[in-house]
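Everything on this sheet refers to the single structure shown next.
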Ligand code: PAN
Ligand code: ZN
């Protein structure tokens with residue numbers, strides 16, 4: 001950076017969609033077939049097209065993953081849908097450096113942030129445009145779209161947090177968010 005020079009930011013967020021545009025944005029997509037074992041109803045899972053889009057993540061990673069002191073920023077879009085009576089949701093994870101916290105916030109749509117501590121107590125917070133969620137260190141997090149439109153949320157997390165997916169892949173959360181009598185319930 002040059003002394004006294006005024007710059008345009010190298011990255012921008014689209015006001016409505018929170019779509020990220022600019023330098024260093026990475027994108028990843030999760031199709032249903034990449035989420036085998038995540039949903040409880042195996043028969044319902046097999047009936048859906050394996051290439052169904054479940055969610056995509058855009059992230060701005062200005063430093064190398066693992067760098068202490070930096071921050072990452074992301075936008076996740078989860079499509080509406082269910083596998084049986086279980087809402088489309090993210091895979092979910094603890095952070096690899098377990099004590100690292102994160103912020104999530106609702107941008108568009110309706111959903112539920114599902115949280116589980118190290119003792120496997122599970123609870124949830126409603127997500128909607130403007131909802132803000134502090135996820136303390138040591139707490140696993142996953143988001144379900146409980147609405148009929150795409151759920152968009154923002155996230156920011158430390159660049160040395162990393163992701164521990166294995167714990168959730170192997171043992172899941174201790175409760176699932178299911179639609180019971182037309183309403184989301186943790187079961
Ligand atoms: C988020 C998540 C994102 C996708 O950026 O990585 O919403 O969820 P999964 O990683 O569980 O598939 C975050 O929590 N970063 O730490
Ligand atoms: Zn996280």
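Structural remarks
Per-residue answers, yes or no, for (1) under 22 Å from residue 35 (Cα atoms); (2) without any contact (Cβ under 8 Å) to a residue 24 or more places away in the chain; (3) within 15 Å of ligand 1 (Cβ to nearest atom):
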residue: 91; (1), (2), (3): yes, no, yes
residue: 111; (1), (2), (3): yes, no, yes
residue: 117; (1), (2), (3): no, yes, no
residue: 125; (1), (2), (3): no, yes, yes
residue: 132; (1), (2), (3): no, no, yes
residue: 135; (1), (2), (3): no, no, yes
residue: 151; (1), (2), (3): yes, no, yes
residue: 155; (1), (2), (3): yes, no, yes
residue: 163; (1), (2), (3): yes, no, yes
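- Boolean, residue 83 is within 16 Å of the chain's Cα centre (by Cα) and under 21 Å from residue 152 (Cα atoms): no
- Candidates are the residues of segment 173-186 that are part of a loop (DSSP other than H, G, I, E, B) and touching a residue at least 24 places away in the same chain (Cβ under 8 Å); the one that is surrounded by the fewest Cβ atoms within 10 Å (Cβ to Cβ) is 174.
- Scanning segment 15-49 for residues that are touching a strand residue (DSSP E or B) at 6+ places or on another chain (Cβ under 7 Å), surrounded by fewer than 15 Cβ atoms within 10 Å (Cβ to Cβ) and without any contact (Cβ under 8 Å) to a residue 40 or more places away in the chain returns 21, 22, 23, 24, 26, 27, 28, 29, 31.
- If you go through segment 161-172 and keep only what is surrounded by fewer than 19 Cβ atoms within 10 Å (Cβ to Cβ) and assigned to a loop (DSSP other than H, G, I, E, B), you end up with 162, 163, 165, 172.
- Hits in segment 137-149 (condition: within 14 Å of residue 184 (Cβ to Cβ) and more than 16 Å from ligand 1 (Cβ to nearest atom)): 147, 148
- Test: residue in segment 87-98 that is part of a loop (DSSP other than H, G, I, E, B), touching a helix residue (DSSP H, G or I) at 6+ places or on another chain (Cβ under 8 Å) and within 11 Å of ligand 2 (Cβ to nearest atom): yes
- Subset of segment 140-149 [touching a strand residue (DSSP E or B) at 6+ places or on another chain (Cβ under 9 Å) and surrounded by fewer than 20 Cβ atoms within 10 Å (Cβ to Cβ)]: 147, 149
- Residue match in segment 52-67 (condition: part of a helix (DSSP H, G or I), more than 16 Å from ligand 2 (Cβ to nearest atom) and free of Cβ contacts under 8 Å to residues at least 60 places away in the same chain): no
Coordinate-derived values only; no laboratory data. Only a predicted model underlies this, so the values are computations on that prediction, with no experimental measurement involved. With ideal geometry, Cβ positions are generated from the backbone for all residues, glycine too; neighbour counts draw on all protein chains shown.
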